[in-house]
Structure formats: C-alpha cells, structure tokens
1. Return the FRET efficiency for the residue pair residue 209, residue 233: r is the Cβ-Cβ distance, R0 is 25 Å, and the value is rounded to the nearest 0.05.
2. Hey, which aspartates and glutamates would be in cross-link range of residue 186, C-alpha to C-alpha under 18 Å, not counting anything within fewer than 8 residues on its own chain?
3. Taking the DSSP beta bridges in the stretch 8-258 as the whole, what percent of them are antiparallel, to the nearest 5?
4. May I ask you to work out the translational diffusion coefficient for the stretch 1-66 at 37 °C, viscosity 0.692 mPa s, via Stokes-Einstein with Rh from the Kirkwood sum over Cα pairs, reported in whole µm²/s?
5. Please state the equivalent ellipsoid semi-axes for the stretch 134-258: what are the square roots of 5 times the Cα gyration tensor eigenvalues, largest first, in whole Å?
6. Cα to Cα, under 20 Å, and not fewer than 8 places away if on the same chain: which lysines meet these conditions relative to residue 65?
7. Determine, for 245, 212, 144, the number of other Cβ atoms within 10 Å of each Cβ, and report the residues in order from fewest to most.
8. For a distance above 22 Å, tell me the whole-number percent of Cα pairs in the stretch 20-132 that qualify.
Amino acid sequence: MSKTNSPFRAAIYQYKARDETPVKRIARLGHILADSGSGAFDLLVCPELFLSGYNVADDIIKYSKTSSGTYFKQISELAKTWNTAIIYGYPEDTPKGRYNSALCVSAEGEIMANHRKMGLPSDYEKLYFQRGVQTTVFEIKGYRLAIAVCYDAEFPENIRKCAQHGAEIVIVPTALVERWTFVARKMMPTRAFENGVFLLYANYCGEENGSRYLGDSRIIAPDGEELAVAGTEETVINAELDQKRITESRWILPYLEDLQ
C-alpha cells in the first residue's frame, strides 16, 4: 500500500442524460468545476460513455475519438484550469476497433490512465465495442486507483484483481438503469467491503431514449459505509477519503492477506 498523510478529495458528477453533443457536455462539466472552484477536488468522476451518452445507437460511432483527440484536449484544459483530475467515459476509436473506455486526465492535463471495458453485457454493446483485456491501476497524490467500467465491477474477481495490484480506490463509471437497484445499493458496497477499498460509483440520472437511469451514485468506504449518496437528480457528491480507513479495514478483516 502507498503511504500518504493527506485525505483524498473525491467527487462524482451525476449527469442527467440529455440529447447533447460532447461539446455541450464538456461545457456543462466546465460549469460544474467553476462552481466548485480551483482545487476543490483531487478527482471528479463522470459516468460511463459520458461524452456520447450510452443508449444513443450510432451516435456512439459519430462521437468516437482517439484517447488524445479533440475532446480530450478540451477536458485537459478544464483539468488544468481548475486543478482537478477528471475521469470520463467515452467511445474510443483505435486502429484495432472501438472500445467503451474511461480516461483519467491529471490536474496537469496529462493522460494518466485509459481503461477499456472488459465485460460487454449485451448484444447492443457487442455491436459497437471490442473487449478490453487489462486491469488499469495508477496513482494520484499518493493513492493507488483502479478503473472498472460498469459491468466490470459486477464480477468479484475483477475488483479483487484491482486490489491485488495495489488499488486503494476503485472508480466505477456506469450507466445503470432503474431495474438494477441491487447493483448500486448492495453489490457495490460489498465490493468495497470484501476488498478493503474505497469505491466511487458514478451513474447517470434521467431518461435517454427509453432507458431510465437509477441515479444513486455513491462513494463507499472500505468498511462498506456510504460516505455520500446521490438521489435521482443531477448533482455533485463528494467525500474525503482517508487512507487510515483502508489500513483499519484490512487489519480487522484481512481478506486479501488470508486469500488462499
């Protein structure tokens, strides 16, 4: 485990689904950061496929860009202006195909990590995306972070692997609809608890082409306590994450140490 004495200031932007272009979504993100102020958060997390929308059919193709493309450059400027690292979901265009990806841009405007979703849960996603294959772990301000997009986090093995690679905070951008309340309210706290990690679950709210999103974004402590929970409206939630809680949780319940 890395060591730091400073709490990690984490936030989630629960975006209300709208028929908006990536440029408008980025502008809205800019207003959120401006309202919060420079350096208010160490990290702000947006939902899965934030730039394109999730249930938007061929708009996924229309708005696909490379990891360092036009939209990245715009978000990079926001990160630098407001001194905040940002994680956002987007359709990633590559020579090998398209991926449902989540990218972390540092407060200095640099790419820190780019996770490609490994589990594609429907024919809809399989129509538009290739599968990612790698666990993604990186560091911000002395904390080790991992990214798992939506369905990735529903497999205990995936979050366990993140923890075994040193992750202390797991970031889960998602597009969870109302039907699956169990995932947000029961499964994600369990993932945090059984691995001794903080978990940020960043969802949409509102409706998108017939899909009604649950909202219910949440920030969960390593002992399963919910530090911040969103309702069904667009909002920003935040919490301070203290590394001592990881140490305490893993000492009381050493699941990682005792795993056979």
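Values in this text are rule-based calculations from the coordinates and carry no lab data. Just so it is clear, the model here is predicted, and its values are computed rather than measured. Every residue, glycine among them, receives a Cβ derived from its backbone with ideal geometry; neighbour counts consider all protein chains shown.
1. Working from the Cβ atoms, E equals 0.80.
2. Partners within reach: 152, 154, 157, 178, 194, 216, 223, 225, 226.
3. Working: 35 of 52 bridges.
The antiparallel fraction comes to roughly 65 percent.
4. So the translational diffusion coefficient is about 238 µm²/s.
5. 25, 15, 13
6. Of all the lysines, those that pass the test against residue 65 - Cα under 20 Å, at least 8 places apart if same chain - are 24, 73, 96, 117, 126.
7. On the way: 245 18, 212 15, 144 21.
By the 10 Å Cβ count, ascending: 212, 245, 144.
8. 29
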